[in-house]
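**Q** Have a look at this one.
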Amino acid sequence: MKSWGSLLSVKGSYTSKAHLISTDSPSYLTTFAADIINVHAKQVQFFYSVSYDHITWTDWKEINFNDTNLLDQYDLKGLFFKYQITMSASKEHERPYIQSFSIQFDPCAIFENLGDFIVKPKVWLRKKNGNGDIEITNTMTNQKMQLRNLINDEEVFIHCQKEEIVSNRQNLGVYRYDDHNDEFLELVTGKNYLKANGDFDMQVRYQHVFIQQ
């Protein structure tokens, strides 16, 4: 990777290599972090571009560090991503320095609650690719719903409003309440970004609840 020393001029830019960020998830939760020494408040800008064939790229778009859904307008399967940093200063001794810069893409699913109240959905889960634990995190509230010790192909239905948990292995005497962390998923008003740990399929259903006029 090119060193930051190449940027240490009155005006310059750095373009990263292309990164394949393909995923089957419908969306990425995007987090940016930068450590910049910019005592004289000179211009530092960050841009990104994407491609599906590594040949034809979109025009550079400026990165908003507060934009957690940067790539929502793109199909993420087969997507390449690169970024560019530009800096300028009127005098050599006023130039800014970038100590570090990082972008984190966390696969997630977006569920929008258009109602006026928090809702507790119904959730269907199917463990796949081996036994293990699963975890669902609502990044808007940092709430985590966990299930442990699931068996491969086990299906679990969770009625979050009624706090009911039903496994398709229940006829074998398998009850998952003791393997649950007593957190039942809640969806706040607006967009909810759900991150998953573990290998499983998930379906979520809920109804919007409105204030009666």
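The values are calculated or read from the model by the stated rules, or taken from the named source; none is laboratory data. What you are looking at is a predicted structure, and each value in this text was computed from that prediction instead of being measured. Every residue, glycine among them, receives a Cβ derived from its backbone with ideal geometry; neighbour counts consider all protein chains shown. For accessibility, only protein heavy atoms count, side chains too; no ligands or nucleic acids. Shrake-Rupley method; radii C 1.70, N 1.55, O 1.52, S 1.80 Å.
**Q** Working carefully through the options Ile158, Ile151, find the one that is more than 20 Å from Thr30 (Cα to Cα), more than 21 Å from the chain's Cα centre (by Cα), surrounded by fewer than 17 Cβ atoms within 10 Å (Cβ to Cβ) and β-branched (Val, Ile, Thr).
**A** Ile151
**Q** Taking Leu76, is it hydrophobic (A, V, I, L, M, F, W, C), under 23 Å from Thr137 (Cα atoms) and not in a strand (DSSP E or B)? Please lay out each step first, then the result.
**A** Numbers: hydrophobic (A, V, I, L, M, F, W, C): yes; under 23 Å from Thr137 (Cα atoms): yes; not in a strand (DSSP E or B): yes.
For Leu76, the condition - hydrophobic (A, V, I, L, M, F, W, C), under 23 Å from Thr137 (Cα atoms) and not in a strand (DSSP E or B) - is met.
**Q** Let me ask something else. Please work out if Gly198 is within 26 Å of Thr23 (Cα to Cα) and at pLDDT 95 or above. Let's see the steps before the verdict.
**A** Numbers: within 26 Å of Thr23 (Cα to Cα): yes; at pLDDT 95 or above: no.
Here the answer is no, as Gly198 does not meet what is asked.
**Q** For the range 28-64, give me each residue that is without any contact (Cβ under 8 Å) to a residue 60 or more places away in the chain and closer than 27 Å to Phe111 by Cβ.
**A** The first filter runs over the range 28-64 and keeps only residues without any contact (Cβ under 8 Å) to a residue 60 or more places away in the chain, leaving 38-64.
Across the range 28-64, the qualifying residues are Tyr48, Val50, Tyr52, Lys61, Ile63, Asn64.
**Q** Additional query: Of everything in the range 98-128 that's assigned to a strand (DSSP E or B) and of a type in the set (Phe, Trp, Tyr), which residue is nearest to His40 (Cα to Cα)? Talk me through it step by step, then tell me what you get.
**A** Taking the range 98-128 as the starting set, the residues that turn out to be assigned to a strand (DSSP E or B) are 98-113, 119, 122-127.
Then keep just the ones that are of a type in the set (Phe, Trp, Tyr); that gives 101, 105, 111, 124.
Numbers: Phe101: 19, Phe105: 31, Phe111: 42, Trp124: 54 Å.
In this case the residue turns out to be Phe101.
**Q** Looking at the range 79-97 only, could you name the residues that are surrounded by 17 or more Cβ atoms within 10 Å (Cβ to Cβ), in a loop (DSSP other than H, G, I, E, B) and touching a His at 6+ places or on another chain (Cβ under 9 Å)?
**A** Those that are surrounded by 17 or more Cβ atoms within 10 Å (Cβ to Cβ), in a loop (DSSP other than H, G, I, E, B) and touching a His at 6+ places or on another chain (Cβ under 9 Å): Ala89, Arg95, Pro96.
One line per residue, one yes/no per condition, for (1) closer than 30 Å to Asn138 by Cα; (2) surrounded by 12 or more Cβ atoms within 10 Å (Cβ to Cβ); (3) modelled with pLDDT of 95 or more; (4) touching a Ser or Thr at 6+ places or on another chain (Cβ under 6 Å):
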{"site": "Tyr14", "(1), (2), (3), (4)": "no, yes, no, no"}
{"site": "Leu20", "(1), (2), (3), (4)": "yes, no, yes, no"}
{"site": "Tyr52", "(1), (2), (3), (4)": "yes, yes, yes, no"}
{"site": "Glu62", "(1), (2), (3), (4)": "yes, no, yes, no"}
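**Q** Residues that are open to solvent by less than 40 Å² (accessible area, probe 1.4 Å), farther than 21 Å from Ala109 by Cα and in a loop (DSSP other than H, G, I, E, B): does the range 129-141 have at least one?
**A** yes
**Q** Moving on to the next point. State all residues of the range 161-205 that are outside any loop (DSSP other than H, G, I, E, B), surrounded by fewer than 17 Cβ atoms within 10 Å (Cβ to Cβ) and over 24 Å from the mean Cα position of the chain (by Cα); if no residue qualifies, say none.
**A** Within the range 161-205, Glu164, Val166, Gln170, Asn171, Leu172 meet the criteria.
**Q** What single numbered condition from (1) more than 22 Å from Tyr28 (Cα to Cα); (2) open to solvent by 30 Å² or more (accessible area, probe 1.4 Å) fails to hold for Phe105?
**A** Unmet for Phe105, out of (1) more than 22 Å from Tyr28 (Cα to Cα); (2) open to solvent by 30 Å² or more (accessible area, probe 1.4 Å): (1).
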